[in-house]
1. Look at Tyr228 and say whether it is in the same structural domain as Leu268 (by TED's automatic domain parsing), within 10 Å of Val190 (Cα to Cα) and crowded, with 17+ Cβ neighbours inside 10 Å.
2. Which condition does Tyr176 not pass, out of (1) among the hydroxyl-bearing types (Ser, Thr, Tyr); (2) over 21 Å from Lys222 (Cα atoms); (3) under 21 Å from the mean Cα position of the chain (by Cα), if it passes all the others?
3. Would you be able to tell me the number of residues in the range 102-154 that are polar (S, T, N, Q), at pLDDT 90 or above and in a loop (DSSP other than H, G, I, E, B)?
4. Within the range 243-265, can you find the residues that are surrounded by fewer than 24 Cβ atoms within 10 Å (Cβ to Cβ) and not basic (Lys, Arg)?
5. Residue check: is Ser151 in contact (Cβ under 8 Å) with a residue 12 or more places away in the chain, more than 25 Å from the chain's Cα centre (by Cα) and farther than 26 Å from Thr287 by Cβ?
6. In the range 266-306, which residue that is assigned to a helix (DSSP H, G or I) and among the hydroxyl-bearing types (Ser, Thr, Tyr) is surrounded by the fewest Cβ atoms within 10 Å (Cβ to Cβ)?
7. Using the structure shown, decide if Ser261 is polar (S, T, N, Q) and part of a loop (DSSP other than H, G, I, E, B).
8. Restricting to the range 168-189, what's the tally of residues that are part of a loop (DSSP other than H, G, I, E, B) and either closer than 21 Å to Ala147 by Cβ or charged (D, E, K, R) (or both)?
Amino acid sequence: MQPEKRVNRLRTPTIPPDNRQPTPMPSPNRPTSGRPASGTPLRPAQKTQSPPDRSGVGYAVRKNLRQARGYMRQHPWLSIAYTLITRGFIILFLASIAWVVILKYVPVWFTPLTISRKLDTIGTEKSSKIFKTWRPYEEINREAALAVVASEDQQFPYHWGFDFDEIQDAIKENQYRKRARGASTISQQVAKNVFLWNGRSYIRKGLEVYFTVMIELIWGKKRILEVYLNVAETGPMTFGVEAAAERFYGHSANSLSRDESARIAAVLPNPIQFSIRKPSGYIQRRTRQIARQMRALGGQKYIRNL
């Protein structure tokens with residue numbers, strides 16, 4: 001008998017049952033939490049930005065600056081002009097500081113007012129000679145210094161260039177006065193006489209404020225008064241108390257008396273109209289009034305600690 005052939009049948013391997021639960025699919029309308037599935041790129045969280053505030057002043061300024069820059073890019077010559085003007089202002093600012101510093105130590109030999117008076121004599125029969133002699137503060141009698149303080153600016157030792165109480169009083173009085181009364185301090189008059197021109201304009205007044213602050217900070221009270229005593233107009237073509245003393249009294253400013261100093265101070269508001277040599281009745285009354293004010297202030301000790 002032939003042996004029975006054995007047939008090899010393939011058996012399907014038995015796979016053990018998987019007891020794990022199927023992972024539920026996320027709902028499209030429900031956000032998922034935790035780590036994203038494998039292969040899903042990470043996306044940064046998006047921040048909700050509020051719309052810019054367009055009602056503030058800062059936004060308006062930035063908008064105007066952007067428009068100005070855009071306009072200047074379209075017109076290159078404006079950018080060049082802006083650069084030149086800016087550099088010009090910087091140069092003038094630095095030059096003004098340098099000039100103020102120099103005049104702190106150097107005598108002021110001429111001012112715009114002396115030049116103007118010199119030019120006014122051209123083509124006329126008037127003499128063009130300027131009477132002006134510089135004298136240091138130590139060589140001028142303190143009576144002359146006290147006289148100009150008593151008549152022009154009694155708060156000079158204490159203020160910082162501006163007497164605001166006097167300014168307010170002048171504003172009130174000028175409302176009913178026919179002739180406006182000024183309230184300029186000695187510092188303001190020095191700033192105007194040394195650095196600026198004659199005239200009335202907002203530009204000149206603004207520059208006067210600027211130079212007044214500068215000389216108060218850089219010069220100090222003693223130097224300001226010294227310059228004022230040497231550059232103030234005291235008569236026709238006459239500047240400074242030394243020139244006035246020599247021309248009208250025949251001696252130096254070092255030996256001025258109280259009455260002589262008071263008369264010089266009396267003509268300062270209008271030295272072209274008023275005269276030291278031939279004082280009018282008004283100048284004589286004003287001279288006596290200034291002398292009384294000098295005594296009321298306590299004499300020379302009032303300006304001792306400038």
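The values are calculated or read from the model by the stated rules, or taken from the named source; none is laboratory data. Nothing here was measured: the structure is a model prediction, and the numbers come from that model. Note: ideal-geometry Cβ built from the backbone for every residue, glycine included; neighbour counts use all protein chains shown.
1. Values: in the same structural domain as Leu268 (by TED's automatic domain parsing): yes; within 10 Å of Val190 (Cα to Cα): yes; crowded, with 17+ Cβ neighbours inside 10 Å: yes.
For Tyr228, the condition - in the same structural domain as Leu268 (by TED's automatic domain parsing), within 10 Å of Val190 (Cα to Cα) and crowded, with 17+ Cβ neighbours inside 10 Å - is met.
2. (3)
3. Step one: of the range 102-154, the residues polar (S, T, N, Q) are 111, 114, 116, 121, 124, 127-128, 133, 141, 151, 154.
Filter again for at pLDDT 90 or above, leaving 111, 114, 116, 133, 141, 151, 154.
Filter once more, so that each one left must be in a loop (DSSP other than H, G, I, E, B): 111, 133, 141, 154.
Count: 4.
4. Taking the range 243-265 as the starting set, the residues that turn out to be surrounded by fewer than 24 Cβ atoms within 10 Å (Cβ to Cβ) are 243, 246-252, 254-255, 257-260.
Residues satisfying the conditions are Ala243, Glu246, Phe248, Tyr249, Gly250, His251, Ser252, Asn254, Ser255, Ser257, Asp259, Glu260.
5. Numbers: in contact (Cβ under 8 Å) with a residue 12 or more places away in the chain: yes; more than 25 Å from the chain's Cα centre (by Cα): yes; farther than 26 Å from Thr287 by Cβ: no.
When the stated conditions are applied, Ser151 does not pass them.
6. My answer is Tyr282.
7. Numbers: polar (S, T, N, Q): yes; part of a loop (DSSP other than H, G, I, E, B): no.
Taking the combined requirement at face value, the residue does not satisfy it.
8. Applying the first criterion (part of a loop (DSSP other than H, G, I, E, B)) to the range 168-189 yields 174-185.
Keeping just the survivors that are either closer than 21 Å to Ala147 by Cβ or charged (D, E, K, R) (or both) gives 177-179, 181-185.
Within the range 168-189, residues that are part of a loop (DSSP other than H, G, I, E, B) and either closer than 21 Å to Ala147 by Cβ or charged (D, E, K, R) (or both) number 8.
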